Amino acid sequence: MSAAIRLEGVSKAFGAGPAAVQALRSVSLSIPAGAAVVVAGPSGSGKTTLLSLLGGLDSPDAGRVVVDGLEVSALGERERSAFRRRRVGFAFQEAHLLEELTILENATVPPALLGLPRRAGDERARGLLAQLGLGGRTGAYPRELSGGERQRAAIARALSHGPGLVLADEPTANLDSQSAQEVTDLLLELCARHGATAVLATHDPRVIGRVPGRVILKDGAVERVEGLPAAD
Amino acid sequence: MNRFWMLLAMRTLLRRRARSGITLAAVSLGVGILVFLGAVMTGVDDTMVRSTVAAHSGHVTVRPQPGARIPAREFAERWSRLAPPGCAEFLAPRAAFGALLVGGRGTASVEVLGLLVEREGGRTVPAARLVSGRLPDPSAPRPEICLGALAAERLGAAPGDTLRLRLQDGDRGPVRVAGVFRTGIERMDAGTALMALGAALEAGGGALTAETAVFARDRAGSDELLAALRPMLAAGEEAVPWQERLPDLDELIRLNHFSMLVFIALVTVLLATAVSNTALISVLDRYRALGVLKALGARPSEIVRLVMFESAVLTLAAGAAGLLLGALATLVAARTGIDLGHWTSRNPHFVLSTVIHPRLTAAMTFGPAAGALGASLLATLWPALTAARGRVADVLRMAR
């Protein structure tokens, strides 16, 4: 089930005193369930911090983060852990697959963490890997794959437990142009097919151009929103 | 720990073969050495107990209780007729009295020890330490004695010579020197003379005291022997274990055990440090991977369990290998024996033999492996907590 997202006056700073860096300044935003949104902006604009708050990896200094009716910003560490396990899929810039595990085993990590039956997790992961063009490489280890293949495996991992929200942080940063387009399209297509809200943080114009909803950040604040309803 | 975490732990250990292998080798070698040294210590204890009780009063001594009016002769004759219980190798009734031996060159004050020659010959000290002649013949027409070497020197006596035996209440006539023994224990060599039990009972008269030394079979414990002997005791008799008769030996063995425990503890700490170091390096090496797992929803407790499980598997494998190594070394050494004569030839606790046979005991076999496992788990706790404590919010930033 896809997740609707609402941010209300969210601020986040790192460090203290004069050395403090204000990563986000009173960000308010609303993303409807099932939407695909790209969070764009230059380096240091607060994209990764925004994704961290959405995914319950961190909590804001001020404001509220609500995902699918659940106020993530009010949750404790244990509850945030459970929230991530159940509702969020992550894809990182460098894929960050577990080198000890095969592609299939990597893709079944979230279902395993969730305690889903092994067979169900395997079937879903195999299906996703096949859809991502990795059906014949399920027994390969990450080191045996190209950058594009690794990123596709990471997308399979992000979706394998059926999350309502998929967060991807610079998923195409290390890919060539063709792979970047393929990965972006596959990610958006699979999120749409599985009914997940997709939020991609990037400054890659090849990705920005392919996503209808856009949130442009600058210096930690929302500069403009395109293709999304305005926040209250 | 579900299948996923076990799979991840095993793959991690296998992927880092060199590091896992070095730790495994270090821990297994340490455990192996501890198992072997424990077996050697047990072998030393066995030899000391065997030698010392052979030179004194058996594993258990049966004697009349203080104040009990049991005639020594009656006591010795009754125990001569009794069969040993199953856990005892043999019963050695003895009768003793103080006497003066008079020879051509002088006199010697000795304790004459009457024993069943056919039972003790070759088995107990001093009956097993003849340097010349033979043991007294119970059927000889004239009483025979076997002298300690120092007493023989003082008397100028040799096998075949005749001495006179005097007690406080009078002269008992001539006795023939059948042999000379040397134990290395001065008190025994200078002040003991062996005689056949029958002859001693005749000669000792009212000066006799009697007791029965009971020797255990197959390392039967004192408690087992005491329990088996209890129904055989007559009124006024008591059974005393060697630990009570020989408290110095008991303390020495306790000291051995304590020293070994200290050594085991020190080696275990070293092993635990090696395992902790491996775990810490492994955790720091995988800091991002563990962070990604946490980002995906792994609980900190699951990360702790993962790291602990890896350590436990490594230590268990190393413990098993070390145990096997130590057991094999022990089996080989037990078969050949280790001669400690260079260090123990003048030690009264090795009077029967200086050769030890290492022996495995449950505590000394499994103790080091269990200790290494426990210490390793404790030592892994810190790296595991370090892994679990990392702020998951930093993961995305680190992962960029």
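The set of residues from the stretch B:41-62 being at pLDDT below 95 and farther than 16 Å from B:E120 by Cα comprises B:M41, B:T42, B:G43, B:V44, B:D45, B:D46, B:T47, B:M48, B:V49. The set of residues from the stretch B:328-369 being open to solvent by 60 Å² or more (accessible area, probe 1.4 Å) and within 29 Å of B:A312 (Cβ to Cβ) comprises B:L328, B:L331, B:L360, B:A362, B:A363, B:F366. Filtered by the rule that a residue be more than 20 Å from B:G184 (Cβ to Cβ) and in a loop (DSSP other than H, G, I, E, B), the stretch B:302-361 gives B:H357, B:P358, B:R359, B:L360, B:T361. For the stretch B:72-141, no strands (runs of 3 or more DSSP E) sit wholly inside it while including 3 or more residues that are surrounded by 19 or more Cβ atoms within 10 Å (Cβ to Cβ), touching a residue at least 40 places away in the same chain (Cβ under 8 Å) and not assigned by TED's automatic domain parsing to the domain that holds B:F215. Candidates are the residues of the stretch A:57-91 that are within 10 Å of chain B (Cβ to nearest Cβ) and of a type in the set (S, T, Y); the one that is surrounded by the fewest Cβ atoms within 10 Å (Cβ to Cβ) is A:S59.
Looking at the stretch B:286-309 only, could you name the residues that are closer than 15 Å to B:M1 by Cβ and away from every other protein chain (no Cβ under 11 Å)? Matches in the stretch B:286-309: B:V304, B:R305, B:L306, B:V307, B:M308, B:F309. Here is a check on your reading of the model: is B:A39 open to solvent by 50 Å² or more (accessible area, probe 1.4 Å) and either under 20 Å from B:G367 (Cβ atoms) or more than 14 Å from chain A (Cβ to nearest Cβ) (or both)? When the stated conditions are applied, B:A39 does not pass them. Filtered by the rule that a residue be of a type in the set (V, I, T) and open to solvent by less than 10 Å² (accessible area, probe 1.4 Å), the stretch A:25-48 gives A:V27, A:I31, A:V37, A:V38, A:V39.
Being touching a residue at least 40 places away in the same chain (Cβ under 8 Å) and touching an Asp or Glu at 6+ places or on another chain (Cβ under 6 Å) holds for only one residue in B:A178, B:A193, and it is B:A178. The one condition from (1) open to solvent by less than 60 Å² (accessible area, probe 1.4 Å); (2) over 17 Å from B:A26 (Cα atoms); (3) within 14 Å of chain A (Cβ to nearest Cβ) that B:L249 does not meet is (3). Please go through the stretch B:286-295 and pick out each residue that is of a type outside the set (F, W, Y), in a helix (DSSP H, G or I) and in contact (Cβ under 8 Å) with a residue 24 or more places away in the chain. Selection gives B:R288, B:L290, B:G291, B:V292, B:K294, B:A295. Out of the residues in the stretch B:1-36 that are farther than 23 Å from A:G121 by Cβ and of a type in the set (G, A, S), state the one that is farthest from the other protein chains (Cβ to nearest Cβ). The qualifying residue farthest from the other protein chains (Cβ to nearest Cβ) is B:G32. Residue count for the stretch B:5-36, restricted to those that are hydrophobic (A, V, I, L, M, F, W, C) and open to solvent by less than 10 Å² (accessible area, probe 1.4 Å): 7.
Would you point out which residue out of A:R137, A:R157 is in contact with a helix residue (DSSP H, G or I) (Cβ under 8 Å, 6 or more places away or on another chain) and open to solvent by 30 Å² or more (accessible area, probe 1.4 Å)? Criteria check complete, one pass: A:R137. A single entry from A:G44, A:G34 fulfils the requirement of being more than 14 Å from chain B (Cβ to nearest Cβ) and either in a loop (DSSP other than H, G, I, E, B) or within 19 Å of A:P163 (Cα to Cα) (or both): A:G34.
For every residue, the table says whether it meets (1) among the polar types (S, T, N, Q); (2) under 28 Å from the mean Cα position of the chain (by Cα); (3) over 23 Å from B:G67 (Cβ atoms).
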{"site": "B:E238", "(1), (2), (3)": "no, yes, no"}
{"site": "B:E244", "(1), (2), (3)": "no, yes, no"}
{"site": "B:D250", "(1), (2), (3)": "no, yes, yes"}
{"site": "B:L266", "(1), (2), (3)": "no, yes, yes"}
{"site": "B:V275", "(1), (2), (3)": "no, no, yes"}
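Being in a loop (DSSP other than H, G, I, E, B) and more than 23 Å from B:A54 (Cβ to Cβ) is not true of B:G173.
Yes/no per residue for (1) modelled with pLDDT under 90; (2) surrounded by fewer than 24 Cβ atoms within 10 Å (Cβ to Cβ):
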position	(1), (2)
A:R119	no, yes
A:D122	no, yes
A:S179	yes, yes
A:V207	yes, no
A:G213	no, yes
A:L228	yes, yes
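Quickly run through the stretch B:201-224 and pick out the residues that are within 15 Å of the chain's Cα centre (by Cα) and on the phi > 0 side of the Ramachandran plot. Result: B:D218, B:R219. For the stretch B:162-182, a residue qualifies if it is open to solvent by less than 60 Å² (accessible area, probe 1.4 Å), of a type outside the set (A, V, I, L, M) and closer than 15 Å to B:G133 by Cα, and the qualifying residues are B:G179, B:F181.
Given B:A210, B:A227, B:A157, B:A234, which one is over 20 Å from B:S139 (Cβ atoms) and without any contact (Cβ under 8 Å) to a residue 24 or more places away in the chain? On inspection, the qualifying residue turns out to be B:A227. When the residues of the stretch A:140-153 are filtered to those that are of a type outside the set (G, A, S) and open to solvent by less than 10 Å² (accessible area, probe 1.4 Å), the one that is farthest from the other protein chains (Cβ to nearest Cβ) is A:Q151.
The values are calculated or read from the model by the stated rules, or taken from the named source; none is laboratory data. Predicted, not measured: the structure shown is a model, and the values here were computed from it. We place every Cβ from the backbone using ideal geometry, glycine too, and count neighbours over all the protein chains shown. Accessible surface areas use protein heavy atoms only, side chains included; no ligands, DNA or RNA. Shrake-Rupley method; radii C 1.70, N 1.55, O 1.52, S 1.80 Å.
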